[in-house]
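Notes follow once the structure below has been shown.
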Amino acid sequence: DAGVIQSPRHEVTEMGQEVTLRCKPISGHNSLFWYRQTMMRGLELLIYFNNNVPIDDSGMPEDRFSAKMPNASFSTLKIQPSEPRDSAVYFCASSQERGRVQYFGPGTRLTVT
Amino acid sequence: AQSVTQLGSHVSVSEGALVLLRCNYSSSVPPYLFWYVQYPNQGLQLLLKYTSAATLVKGINGFEAEFKKSETSFHLTKPSAHMSDAAEYFCAVIGVGTSYGKLTFGQGTILTVHP
């Protein structure tokens with residue numbers, strides 16, 4: 001199994017630009033999670049989906065952030081417009097179902113200048 | 001709401017010494033608990049999980065953790081540290097009720113292993 005796949009692994013962009021992060025969950029998993037990791041706030045859950053439906057987006061910091069899951073094998077996290085304080089590592093994770101073990105991707109390191 | 005607290009943001013041990021990383025949880029119901037490890041510039045990897053079966057849980061790389069309800073603890077141990085164990089370790093709890101499926105992480109403990 002290839003595990004959770006994220007792209008790009010690194011992204012450097014200028015303030016105000018749109019950023020799209022991508023995630024392919026493990027085949028057969030029906031829950032998908034987006035996390036953000038920073039030194040100041042640690043690991044934070046941004047949003048999660050179950051069977052492609054957003055269940056809880058209370059962790060999304062503001063309207064500049066949006067996430068979609070058009071099908072069971074693909075999800076995106078979009079930031080528009082990006083700001084320097086969005087610089088962080090963004091992780092995607094998937095699980096067979098809610099409440100089961102979550103498997104993490106390698107992360108996308110985002111730097112907004 | 002479920003939460004976990006990791007005591008000690010940094011732990012330093014000598015190679016071959018006992019590793020003890022502390023985690024205490026808060027939960028209104030029997031919790032499902034996890035330990036993850038993160039090596040530099042990598043994602044999180046599951047070390048072990050407690051899901052209300054045996055209270056002593058064995059994981060990968062020689063790590064184990066014991067669930068103690070009386071102490072609300074789930075400390076991670078390894079009898080003999082190896083240089084390759086140097087990493088950041090996270091304790092986490094699965095939410096219940098309206099938070100079902102959400103993982104809440106502790107702040108992490110950075111383990112340093114000295115030769």
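The values are calculated or read from the model by the stated rules, or taken from the named source; none is laboratory data. For clarity, every value in this text was computed on a predicted model and none was experimentally measured. Using ideal geometry, Cβ is built from the backbone for each residue, glycine included, and neighbour counts are taken over all protein chains shown.
Key figures for this structure:
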{"read-out": "Qualifying positions in segment B:24-82 - assigned to a loop (DSSP other than H, G, I, E, B), among the hydroxyl-bearing types (Ser, Thr, Tyr) and either at positive phi or within 11 Å of chain A (Cβ to nearest Cβ) (or both)", "value": "B:TYR32, B:TYR39, B:THR51, B:SER52, B:THR72"}
{"read-out": "Criterion violated by A:MET60 - all others in (1) touching a strand residue (DSSP E or B) at 6+ places or on another chain (Cβ under 8 Å); (2) assigned to a loop (DSSP other than H, G, I, E, B); (3) in contact (Cβ under 8 Å) with a residue 40 or more places away in the chain satisfied", "value": "(3)"}
{"read-out": "Qualifying positions in segment A:63-96 - over 22 Å from B:GLN38 (Cβ atoms) and either β-branched (Val, Ile, Thr) or assigned to a strand (DSSP E or B) (or both)", "value": "A:PHE65, A:SER66, A:ALA67, A:LYS68, A:MET69, A:PRO70, A:ASN71, A:PHE74, A:THR76, A:LYS78, A:ILE79"}
{"read-out": "Considering residues of segment B:83-100 that are within 21 Å of B:THR5 (Cβ to Cβ) and either of a type in the set (A, V, I, L, M) or in contact with a Phe, Trp or Tyr (Cβ under 7 Å, 6 or more places away or on another chain) (or both) only, the residue farthest from the other protein chains (Cβ to nearest Cβ)", "value": "B:ALA87"}
{"read-out": "Flag for B:LEU76 being under 11 Å from the mean Cα position of the chain (by Cα) and aliphatic (A, V, I, L, M)", "value": "yes"}
{"read-out": "Test: B:ALA1 is over 20 Å from A:TYR103 (Cα atoms), at pLDDT below 95 and either within 13 Å of the chain's Cα centre (by Cα) or of a type in the set (A, V, I, L, M, F, W, C) (or both)", "value": "yes"}
